[in-house]
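Worksheet for the structure shown next.
Only the coordinates and a few stated rules stand behind these numbers; no lab work does. Bear in mind that the values here come from a model prediction, so they are computed numbers and not experimental data. Here Cβ is always computed from backbone atoms with ideal geometry, including for glycine, and neighbour counts include all displayed protein chains.
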């Protein structure tokens, strides 16, 4: 053998980027994207955990793992997302809940007005078929054949809990909530 030839030099292994660091950054970006949908903490909390685990594994790897910058970026994006959601989510709920309540009340009032129209139409139909004039009292039994009944065979009910008064021919039916609830449960 030739003693003048140096032994082959081994190639040092390249350090790998920590998968946890990459995941922390991906979760941080997703958390920022989903901030307005109020689900960012579902991505940000696991992202923070991944970033902290990545940091500790990178430090213990002795140079075999890299990605401290990615893990730091993941920490920053996840903590920013958590911080913003602490303020943004309650603010959005403070705006949304009153609007949902108002929409529900409007929907109930519209359904009530529709029921009043059906009762009024049934009264008028009964009056025409029976040659009744204005001022004639009307009972529930009188108009039942002329109106769509609910599943239990009763007149429709006010969705907000009001009670209907059929009244007499020539006067519109009324709801007990017609003067106390806004929007009013009154036939226009």
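Can you give me the distance in nm between label points at residue 4 and residue 93, each placed 7 Å from the Cα along the Cα-to-Cβ direction?
Calculated label separation equals 8.2 nm.
Under 19 Å from the 7 Å Cα→Cβ point of residue 100, by amide nitrogen: which residues of the stretch 44-87?
Counting backbone N atoms under 19 Å from the label point, the list is 85-87.
Got a sec? How would 35, 93, 88 order by Cβ neighbour count within 10 Å, fewest to most?
93, 88, 35
Give me the one-decimal nm value for the distance between modelled label points at residue 165 and residue 151, 7 Å along each residue's Cα-to-Cβ direction.
Placing both labels 7 Å along Cα→Cβ, they lie 3.1 nm apart.
Taking the beta-carbon count within 10 Å as an exposure proxy, list 52, 185 from fewest neighbours to most.
Ranked by crowding around the Cβ, least crowded first: 52, 185.
Principal axis extents for the stretch 62-116, Cα atoms only, whole Å, descending order, please.
The Cα atoms of the stretch 62-116 stretch 79, 19, 10 Å along their principal axes.
Debye calculation, C-alpha points only, no solvent: report log10 I(q)/I(0) for the stretch 104-175 at q = 0.15, 0.23 Å⁻¹, in the same order as the q values.
Evaluating at q = 0.15, 0.23 Å⁻¹ gives log10 I(q)/I(0) of -0.47, -0.99.
Label points 7 Å out from Cα along the Cβ direction at residue 107 and residue 124: separation in nm?
2.9
If R0 is 30 Å, what FRET efficiency do you get for residue 33 and residue 184 from their C-beta distance, rounded to 0.05?
On the way: r = 44 Å, r/R0 = 1.46.
E between residue 33 and residue 184, to the nearest 0.05, is 0.10.
Using Cα atoms only, what is the angle between the long axis of helix 41-60 and the major principal axis of the chain, expressed in degrees (0 to 90) to the nearest 10?
Helix 41-60 sits roughly 10 degrees off the main axis of the chain.
For the chain, just the Cα atoms, rotate onto the principal axes and tell me the three extents in Å, largest first.
Extents along the principal axes: 128, 36, 22 Å.
Any chance you could run the full-extension gain for residue 133 through residue 42? It's 0.36 nm times the residue separation minus the Cα-Cα distance, nm to one decimal.
Full extension of this stretch gives 26.1 nm more.
Based on other C-beta atoms within 10 Å, arrange 146, 43 from fewest to most. If you can, show how the numbers build up before the last one.
On the way: 146 16, 43 23.
Lowest to highest Cβ neighbour count: 146, 43.
Ranked from highest to lowest mean number of other Cβ atoms within 10 Å per residue, what is the order of the peptides 150-156, 71-77, 57-63?
Packing order, densest peptide first, comes out as 71-77, 57-63, 150-156.
Report, to the nearest 10°, how far helix 68-129 tilts away from the longest principal axis of the Cα atoms in the chain, using its own Cα long axis and a range of 0 to 90°.
For 68-129 against the chain, the angle is about 10 degrees.
Cα axis of helix 19-33 to longest principal axis of the chain: angle in degrees, 0 to 90, nearest 10?
That helix lies at roughly 30 degrees to the long axis.
Return an integer: the convex hull volume of the alpha-carbon atoms of the stretch 16-97, in Å³ per residue.
56
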